[in-house]
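A.B. asks: Pasting a structure here, questions to come.
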Amino acid sequence: MELIDILSLSYNELMEEIILMGEPKFRTKQIFAWLHEKKVTSFSEMTTLSLQFRERLEKKFCINRLKIVKRLASSIDNTVKYLYQLSDGNYIETVWMEYHHGVSVCLSTQVGCRMGCKFCASTIAGFVRNLTPGEILLQIYEAERDMGKSIDSIVLMGIGEPLDNYDNVIAFLKILSDQRGRGMSLRHVTLSTCGIVPKIYELANDARGITLSISLHSPTDDKRNEIMPVNRSYNISQVLEAAKVFFKETGRRVTFEYAVIEDINSAEKDVDALAGILCGMQCHVNLIPVNPIAERSFHGKRSTTVRFKELLEKYGINATIRRTLGSDIEAACGQLRRNAIENG
């Protein structure tokens, strides 16, 4: 019989399994705390449970692990990039980032990505499968064990499109925020999407408190169609309408990500067009320095990004430039995974 991935179970799902084993409900609280507060890696560590019960748990459940295949620590800042290997041999990436206000981790939600954004390394190696809720959680737990301290916030902005793995991502968020376990507030979680509109509407109801970040990268449909194929299914006007509804339903301001790519979307006319479509919205623009990718010719200039920000602010649009972290450790999302696949 295949063992159940216990880290992927919500509190109520775990309770159902415990009751089926003929055990009292309060065992659920004990086990859930061992898993998500103490982050144990084996049932033998659950010393408040009897030896007999722990042996029964081992026959029904498994506590999975991720293998750290590569760990790159930046010599510039305290950024650490992990290449993890899953139990089926696939690879994902996680980034540990330290700021003055705390520690944040950037998590992957899929093995690969099928969105096809032209400036992203994650899509080059292809899409394989979705990550389970437990595999998303484990990226946090393994990094915390390795670093010896806890994280303060989470960004779902690694390999994969979170809203393309919607059910598993929502299950992960429910486990993460459950007060009987880790109890992290969703106000400390940012979800980044390329703009799968129907799921944005669902997210407004299913994950209240979360911060929504939408990759825009162009103010016009023609250009966005070229660099982000998802725009052919959900165009800019549909994305903006979904963002407005998200703000209305949650009260949470939406962030629009904009990678300033030289000679693609960096001209003054692009600033004018972007200000035009965002005028009057409760939003924030996060300008991104473009990471170079070997297979792409896209590049950016710091001076161009700074000028873009200055022009946007003249229109009254709140904008910042994302801090560049780990620039010396293959920081572009998907690079480590792609290199690992190519090198066998």
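The values are calculated or read from the model by the stated rules, or taken from the named source; none is laboratory data. Keep in mind it's a predicted model, so treat the numbers as computed, not measured. No Cβ is skipped: glycine too gets one built from the backbone with ideal geometry, and neighbour counts run over all protein chains shown.
A.B. asks: In the set D164, D146, which member is in contact with a Lys or Arg (Cβ under 9 Å, 6 or more places away or on another chain), more than 20 Å from L66 (Cα to Cα), modelled with pLDDT of 95 or more and surrounded by fewer than 21 Cβ atoms within 10 Å (Cβ to Cβ)?
C.D. replies: Of D164, D146, the one residue that is in contact with a Lys or Arg (Cβ under 9 Å, 6 or more places away or on another chain), more than 20 Å from L66 (Cα to Cα), modelled with pLDDT of 95 or more and surrounded by fewer than 21 Cβ atoms within 10 Å (Cβ to Cβ) is D164.
A.B. asks: Separate question: Could you check the range 17-43 and list, in sequence order, the residues that are in a helix (DSSP H, G or I) and loosely packed, with under 13 Cβ neighbours inside 10 Å?
C.D. replies: L20, F26
A.B. asks: Within the set of pairs 6 or more residues apart or between chains, which connect a residue that is in the same structural domain as M228 (by TED's automatic domain parsing) and closer than 8 Å to S266 by Cβ inside the range 295-308 to a residue that is modelled with pLDDT of 85 or more and in a helix (DSSP H, G or I) with Cβ atoms less than 7 Å apart?
C.D. replies: F308/V271
A.B. asks: For residues in the range 73-85 being of a type in the set (A, V, I, L, M, F, W, C) and crowded, with 19+ Cβ neighbours inside 10 Å, which is farthest from I136 (Cα to Cα)?
C.D. replies: Applying the filter and picking the extreme gives V80.
A.B. asks: So, one more: Could we say that R187 is in contact (Cβ under 8 Å) with a residue 40 or more places away in the chain and over 11 Å from the mean Cα position of the chain (by Cα) here?
C.D. replies: no
A.B. asks: Looking at the range 86-118 only, could you name the residues that are part of a loop (DSSP other than H, G, I, E, B), hydrophobic (A, V, I, L, M, F, W, C) and surrounded by fewer than 24 Cβ atoms within 10 Å (Cβ to Cβ)?
C.D. replies: Within the range 86-118, L86, M115, C117 qualify.
A.B. asks: Is there a residue in the range 177-190 that is closer than 23 Å to A259 by Cβ and in the same structural domain as P133 (by TED's automatic domain parsing)?
C.D. replies: Yes, some residue in the range 177-190 is closer than 23 Å to A259 by Cβ and in the same structural domain as P133 (by TED's automatic domain parsing).
A.B. asks: Can I ask one more? Against the condition hydrophobic (A, V, I, L, M, F, W, C), under 13 Å from V111 (Cα atoms), assigned to a loop (DSSP other than H, G, I, E, B) and touching a strand residue (DSSP E or B) at 6+ places or on another chain (Cβ under 7 Å), how does I151 come out, does it pass?
C.D. replies: Taking the combined requirement at face value, the residue does not satisfy it.
A.B. asks: Let me ask something additional. Here are M1, M21: which of them is closer than 26 Å to G89 by Cα, of a type in the set (A, V, I, L, M) and more than 29 Å from the chain's Cα centre (by Cα)?
C.D. replies: Residue meeting the stated conditions: M1.
A.B. asks: Something else about it: Could you run through the range 2-16 and say how many residues are surrounded by fewer than 19 Cβ atoms within 10 Å (Cβ to Cβ), in a helix (DSSP H, G or I) and in contact with a helix residue (DSSP H, G or I) (Cβ under 8 Å, 6 or more places away or on another chain)?
C.D. replies: 1
A.B. asks: Please return the ranges of helices (runs of 4 or more DSSP H) entirely within the range 187-274 where 1 or more residues are over 21 Å from G116 (Cα atoms) and of a type in the set (A, V, I, L, M, F, W, C).
C.D. replies: Answer list for the range 187-274: 197-206, 236-250.
A.B. asks: Here is a follow-up. Please state which of the following conditions T79 fails to meet, knowing it meets all the rest: (1) over 30 Å from I264 (Cα atoms); (2) out of contact with any helix residue (DSSP H, G or I) (no Cβ under 6 Å at 6 or more places or on another chain).
C.D. replies: Among (1) over 30 Å from I264 (Cα atoms); (2) out of contact with any helix residue (DSSP H, G or I) (no Cβ under 6 Å at 6 or more places or on another chain), T79 violates only (1).
A.B. asks: Determine which member of the set L212, L216, L173 is touching a residue at least 40 places away in the same chain (Cβ under 8 Å), in the same structural domain as T79 (by TED's automatic domain parsing) and under 12 Å from the mean Cα position of the chain (by Cα).
C.D. replies: Being touching a residue at least 40 places away in the same chain (Cβ under 8 Å), in the same structural domain as T79 (by TED's automatic domain parsing) and under 12 Å from the mean Cα position of the chain (by Cα) holds for just one of L212, L216, L173, which is L212.
A.B. asks: Something else now. Would you check if K199 is surrounded by fewer than 18 Cβ atoms within 10 Å (Cβ to Cβ) and either of a type in the set (S, T, N, Q) or free of Cβ contacts under 8 Å to residues at least 60 places away in the same chain (or both)?
C.D. replies: no
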